[in-house]
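The values are calculated or read from the model by the stated rules, or taken from the named source; none is laboratory data. Since the model is a prediction, treat every value here as computed from it, not as a measurement. Positions of Cβ are generated from backbone atoms using ideal geometry, with glycine treated the same way; all protein chains shown enter the neighbour counts. For the accessible areas, the whole protein counts, side chains as well, though only heavy atoms, and no ligand, DNA or RNA atoms are used. Shrake-Rupley method; radii C 1.70, N 1.55, O 1.52, S 1.80 Å.
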Amino acid sequence: MTGTARHLISDHGEIIVDEVRKHWAALMGAFLELAGALVLLLLTLFVPPQVWWLPAIAGAAVALHAGWRILDQRLDRFVITNMRVFRIHGILSQSIATMPLARILDISVHKPIIGRVFGYGHFIFESAAQEQGLRAIRFVGDPDQRGLTIQKVIQEAGLRGSIARDTPVPTVVAPAASVGVQAATAPLPPAAGWRVRPYDPDRTPTAPIDLPR
């Protein structure tokens, strides 16, 4: 079992969809440091024999630090499964940050100019787990395709659809009193062939009434 597979919840059917390692651009700083170490080691050929050990020790220390940085970047992995995303990093002490797919609210992809040239970008996750080491995943190779992979896994898991179905639709019910007032005050349309005349009490015909005396 590989180092990543042993972190899976195999009993519940969790499988790896994609495993992302750092883009080679993340190693450029370490490679430059390694080149500086080589220069220091070459200085041992041009310094007096009494002090040759000074650039040798300095070069060896810089080379060791550069190798440590390269190993640290190579062991930093971002894993996408059918249930969650998690990040594994560390050499001697290992850290694992996990985020279920249901907690992912949004994914932003930032591609600097150099990243667009060399094909890498940075993931920015908007979720309820901002402080778990998954806020930003840097130096992701082919970020557009991997962003689509995460979106596809979320859709296939039915999380976005279930959220939409479970969201109640607000309904507006008018009060009974206001309905009655509107019904009573609403004018009725005149019937076909009839002429509506305004009410005038002085022109209303009335028959004489005989009162007893």
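For all pairs of alpha-carbon atoms in segment 1-88, what percent lies in each bin of width 5 Å, listed from the first bin to the last filled one?
Per 5 Å bin, starting at 0, the Cα pair percentages come out as 3, 13, 17, 13, 10, 10, 9, 7, 6, 5, 4, 2, 1, 0.
Using the heavy atoms of the protein chains and a 1.4 angstrom probe, tell me the accessible area per residue for segment 1-125 in square angstrom.
60 Å²
Can you tell me the alpha carbon radius of gyration of segment 49-137 divided by the globular rule-of-thumb value 2.2 N^0.38 Å?
The value comes to 1.56.
So, taking all protein chains as they sit and a 1.4 Å probe, how much accessible area belongs to Met28, in Å² rounded to tens?
It works out to around 80 Å².
Out of the total accessible area of segment 12-126 (probe 1.4 Å, heavy atoms of protein only), what percent is carbon and sulfur?
Roughly 68 percent, rounded to a whole number.
Taking 0.36 nm per intervening residue step and subtracting the Cα-Cα distance, what contour gain separates Ala56 from His110 on full extension?
15.3 nm
Report the accessible area of Arg21, computed with a 1.4 Å probe over the heavy atoms of all protein chains in place, in Å² rounded to the nearest 10.
For Arg21, the solvent-accessible surface is approximately 100 Å².
Summing Lys, Arg as +1 and Asp, Glu as -1, what charge do residues with Cβ under 10 Å from the Cβ of Gly119 carry, Gly119 excluded?
Once all neighbours under 10 Å are counted, the net charge is 0.
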